[in-house]
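The values are calculated or read from the model by the stated rules, or taken from the named source; none is laboratory data. In this text, all values refer to a predicted model and were calculated from it rather than measured experimentally. Positions of Cβ are generated from backbone atoms using ideal geometry, with glycine treated the same way; all protein chains shown enter the neighbour counts.
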């Protein structure tokens, strides 16, 4: 029995280990034989991550995995080195901390206000480099990471919808179940209500489906309170009041229009499973320090997050660390070495960061000529889940970004 499924009972998939292993074997059969780095990537642990991201649906998980294998074959994320992206890292907009959280997870620090590039291609390439480096530095038996997002100095001009959309796509579709926790530190106050709205709308949809499954009338958008779960009923009034202060009179004709208005801001980018991994922390809230103390050693945590470590980001020291890591990367992916074959900590279904805060730029109309390259290098392509020949298993059949995944 693969070690990758031994901890998977916590994800809500109530099946025996034998049934889970059968699904892993089925996905592997549908993907077909692989060679080189793709075969190393496609460990039982990786398959479990894709199955968890697709609620153990074999067909959907296989499609997602094939798209990722194709992307890795073309984009070659493991071959990106420090010298390729050093210019993007100068301001410390994203960097791996030199400490782990209390659960032994790699910590990526993100500072949206430190954006120093208008290149979509450059920003995405640096994000991918950071993700690969974070995975490289995960301790044994740990597959997830933590994102610490510092909103100091942030303003709306930092947001690029184009980069946000591509960031969410890369993280959710190609790094499934890699995110364990995202802490948004001192974000703008309007972030949290919209985040709650998005999750709530999805929850209402789920309630509707359950009600219909029980042969009750279709709800359309007029949700009957008797058909809502207790969670929905408790949240409903709070959301109406919150959104009344956020929307204009024109958008306040009904409570649903308020919910829909707010959800449109972030719903297209993040799936609920990803969004539910976010914690909002404010330095002026007494509970904020408790949350940080719960997850981090305060003597190691940077002072920017309320910790006692006053040492700031040093690009020269960081560059040295990254160059050392680059030297380790080839052995990480060498034949016979499968560092990814470790038990997968199944994400607790508690309510990701918004990619809204990861990679930002001052203009949505970047003049970066690499957008075409981005389409070739970082776009996901749908792959039929039918069996095919070895390397052809990761070739594209049609463009598809409709299968949203979760950042893992």
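Can you tell me which residues in region 140-170 are outside any helix (DSSP H, G or I) and farther than 27 Å from residue 67 by Cα?
The first filter runs over region 140-170 and keeps only residues outside any helix (DSSP H, G or I), leaving 140-155, 159-160.
Of everything in region 140-170, those that are outside any helix (DSSP H, G or I) and farther than 27 Å from residue 67 by Cα turn out to be 148, 149, 150, 151, 152, 153, 154, 155, 159.
Within region 279-312, the set of residues being in contact with a strand residue (DSSP E or B) (Cβ under 7 Å, 6 or more places away or on another chain), closer than 13 Å to residue 150 by Cα and in a loop (DSSP other than H, G, I, E, B) comprises 301 only. If you filter region 23-37 down to residues that are in a helix (DSSP H, G or I) and modelled with pLDDT under 95, you find that the one that is surrounded by the most Cβ atoms within 10 Å (Cβ to Cβ) is 37. Per this entry, residue 169 is counted among residues that are under 16 Å from the mean Cα position of the chain (by Cα), surrounded by fewer than 24 Cβ atoms within 10 Å (Cβ to Cβ) and assigned by TED's automatic domain parsing to the domain that holds residue 310.
So that you can scan it fast, the table gives a plain yes or no per residue for (1) at pLDDT below 95; (2) buried (at least 22 other Cβ atoms within 10 Å of the Cβ); (3) more than 26 Å from residue 185 (Cβ to Cβ); (4) not assigned by TED's automatic domain parsing to the domain that holds residue 135:
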site: 47; (1), (2), (3), (4): no, yes, yes, yes
site: 61; (1), (2), (3), (4): no, yes, yes, yes
site: 64; (1), (2), (3), (4): no, yes, yes, yes
site: 72; (1), (2), (3), (4): no, no, yes, yes
site: 83; (1), (2), (3), (4): no, no, yes, yes
site: 108; (1), (2), (3), (4): no, yes, no, no
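For region 335-358, indicate whether the set of residues that are within 23 Å of the chain's Cα centre (by Cα), within 30 Å of residue 161 (Cβ to Cβ), assigned to a helix (DSSP H, G or I) and at pLDDT 90 or above is non-empty. Checked against the condition, which is being within 23 Å of the chain's Cα centre (by Cα), within 30 Å of residue 161 (Cβ to Cβ), assigned to a helix (DSSP H, G or I) and at pLDDT 90 or above, region 335-358 yields no hits at all.
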